[in-house]
Amino acid sequence: MSTTPPATRPGTIDPEQHEFRPPRKYIRVKEDVTAFERSPAHRDITQYVARLADAVRGVPCSDVGPMRPIIRQLVGLLKALQQLVFDTPTIDAEGSRFGNEAFRTWHSLMEKKIAEITPEFTPRPALKEVNSYLAHSFGHRDRLDYGTGHELNFLLWLLCLDKIGVLGPEDDRAVVFRVFYSYILLMRQLQSTYWLEPAGSHGIWGLDDYQFLPFVFGAAQLDGHPSFRPICIIDNDLVRDNHREYLYLDAIHYINSIKTESLQWHSPMLNDIAGVPYWSKVASGMVKMYKAEVLGKLPVVQHFLFGTLLQFPNAQQVDEQRAREVAEARATLAENAERFGLPDGQVMAQILGPDGQVRQVPLRTPEETETGPDHYHDPDNICCYHRVPSVHAAAAASGGNDLSISDIIIPFD
């Protein structure tokens, strides 16, 4: 039984009086993205990001302030997941630079661990809905990749805990400096251990292969700094000496540690942003970019989960429409299976593979996906991303801890 008291802060939801349900996917086309951008859910996310950024504005990481027990519980959960990495060795991949299949074992252990620990601080009625976001925060079990959509899910988990009163505004600074940063450290360990591929990476033309929010919070943190200007990120000595106190510098320091050459070569967008004169402009620009490049991009938000805490507009009407689509799809499958003599209602479809060859793949009805009606993911997941080698794998293959641009050319979508 959860030890968390009922929500009492104005605007929070009383979990004992609320009817929760497992979240599911609703976004399939660009029109759905537009509907989401106009929704209360989108507003709640952007306001929460702004609130967290404001909580750390002008404050170094060492100035956490008072911490309630819930912060230590959340950090303890992430440490338990980190221990699972040590307990789950990698599998010999015979020189592959793509994701290591041992991550699937870790992912299964992670799901069991969060089911074991989260009832200690999450009200039981909310567990299934809230934990869905946490379980989707660490990368894709089958595709062996990780990206800003997974990072977004971690933010949504925190937001849901805030909505039901487990967290509150008084926790915001510790949420960023302790909980979120612990999550970033765990993700770096997962990326470097299991060579997770960048999900939908923009590669060198993006901010980072995997993360975005450290730059949002980090730019706000440096806003108003008396001596550091955005151009300071090209000073490797300054970055190295101060990265423990500032998330933006920490992100740059980490990138520098796994990639060689200068910032202008491996991260030209970050290098260009360094030319902005004030951190206030960088901070506001990062928020705008997050809205456009993460919350506004179909390949990212098509995997967004909507429940009762974060609702999709007119969800009931959408559910009814898609129920009709499912019924029609099932009828078509049954009809074609009988017509062509295929077993178990299986129908094959032709798709064009990345090699330019036409291949046959099995179709399935929409309700067979994990979180509700969704588009069909073909066996190579061509619909969602092109495989991008892990930067950590490339660094290892180059014979050291760093990645040299001359050693490997990474394809980008």
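The values are calculated or read from the model by the stated rules, or taken from the named source; none is laboratory data. Source: prediction; values computed, not measured. Note: ideal-geometry Cβ built from the backbone for every residue, glycine included; neighbour counts use all protein chains shown. Heads up: the accessible areas ignore ligands, DNA and RNA and are worked out on the full protein's heavy atoms, side chains in. Shrake-Rupley method; radii C 1.70, N 1.55, O 1.52, S 1.80 Å.
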Once Lys and Arg are counted +1 and Asp and Glu -1 for all other residues with Cβ under 14 Å from that of residue 189, the total becomes +1
Per residue, how much accessible area does the range 15-69 have with a 1.4 Å probe, in Å²?
55 Å²
Using each residue's phi in the range 309-315, evaluate 6.51 cos²θ - 1.76 cosθ + 1.60 at θ = phi - 60° and report the 3J(HN,Hα) Karplus result to the nearest Hz, with x for Gly and Pro.
7, 10, 9, 7, x, 6, 4
The range 159-303 - accessible surface per residue (Å², probe 1.4 Å):
36 Å²
From phi via Karplus (6.51, -1.76, 1.60), per-residue ³J(HN,Hα) for the range 111-118 in Hz, x at Gly/Pro
4, 5, 5, 5, 5, 7, 8, 4
Residue pairs, from the table 128/288; 79/112; 259/291; 79/113; 112/291; 25/291, whose Cα atoms sit over 21 Å apart
128/288; 259/291; 112/291
At 7 Å along the Cα-to-beta-carbon direction for both residue 291 and residue 120, put a label point, then send me their distance in nm to one decimal.
3.9 nm
Counting only protein heavy atoms and using a 1.4 Å probe, what share of the accessible area of the range 24-313 belongs to carbon plus sulfur, as a whole percent?
53 percent
For residue 145, enumerate residues with amide H under 5 Å from its amide H, sequence gap 5+ or separate chain, H modeled in the peptide plane.
140, 197
